[in-house]
Amino acid sequence: MVHFFIYDADQTKDFIKGMGLRFSTPLSDEPSNRHIRFVSADGGIWGEPVLVMSGLRRDATDAVLTPQFEGTPTSDPSTWPTSITPFVSELALWSDFTLDQLSSEHYTISKRTNAGRAASFIPYAGIGTRASGLGCVGGATAGSVVFGLQGLVQLYLNNMSN
């Protein structure tokens, strides 16, 4: 991650309205074992995997779904039910997530795929009152990156993306 900032203005009349920070991290886990999490101010956690197996219109079984919901490694795909394995490649790979603190009492989480013109976008994948400013992206076996923004609620009209 690289962050660089220069401020060269009249401090009595020029103000900074916002600043962005972008980072990327290599993820070596399979998409079904990659996860994103955002923490609310009351300690709740919104999270989901990058490849959401519950999106299948077939029963992926508790053996596959429970580890995904808990953020633990799923079993080897060769052990998954044959009723779902041919359809896994049709599921969306969610690559971008954004948390927007729109007011002091309301945030939304949106997500999209990185599929060019065929990209999917869900603007209200999650909602809540106050975000803590803490998030995490990573794998179930190969480590994660935790990131935070202090004072997210006090400085609402802010967002966190990954």
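The values are calculated or read from the model by the stated rules, or taken from the named source; none is laboratory data. Since the model is a prediction, treat every value here as computed from it, not as a measurement. Every residue, glycine as well, gets a Cβ built from its backbone with ideal geometry; the counts of neighbours run over all protein chains shown. Ligands, DNA and RNA are excluded from the accessible area calculation, which covers all protein heavy atoms including side chains. Shrake-Rupley method; radii C 1.70, N 1.55, O 1.52, S 1.80 Å.
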Quick one: would you say Thr141 is closer than 20 Å to Pro31 by Cβ and assigned to a helix (DSSP H, G or I)?
-> no
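Residue by residue through the range 23-49, note down the ones that are in a strand (DSSP E or B) and out of contact with any helix residue (DSSP H, G or I) (no Cβ under 9 Å at 6 or more places or on another chain).
Hits for the range 23-49 are Arg34, Ile36, Arg37, Phe38, Val39, Ser40, Ile45, Trp46.
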Is it the case that some residue within the range 50-69 is open to solvent by less than 60 Å² (accessible area, probe 1.4 Å), of a type outside the set (Lys, Arg), free of Cβ contacts under 8 Å to residues at least 60 places away in the same chain and assigned to a strand (DSSP E or B)?
-> yes
Would you be able to say whether some residue in the range 28-42 is touching a His at 6+ places or on another chain (Cβ under 8 Å) and modelled with pLDDT of 90 or more?
-> no
Single residue of the range 72-106 satisfying the filter (aromatic (Phe, Trp, Tyr) and within 20 Å of Phe147 (Cβ to Cβ)) that is most open to solvent (accessible area, probe 1.4 Å) | Trp94
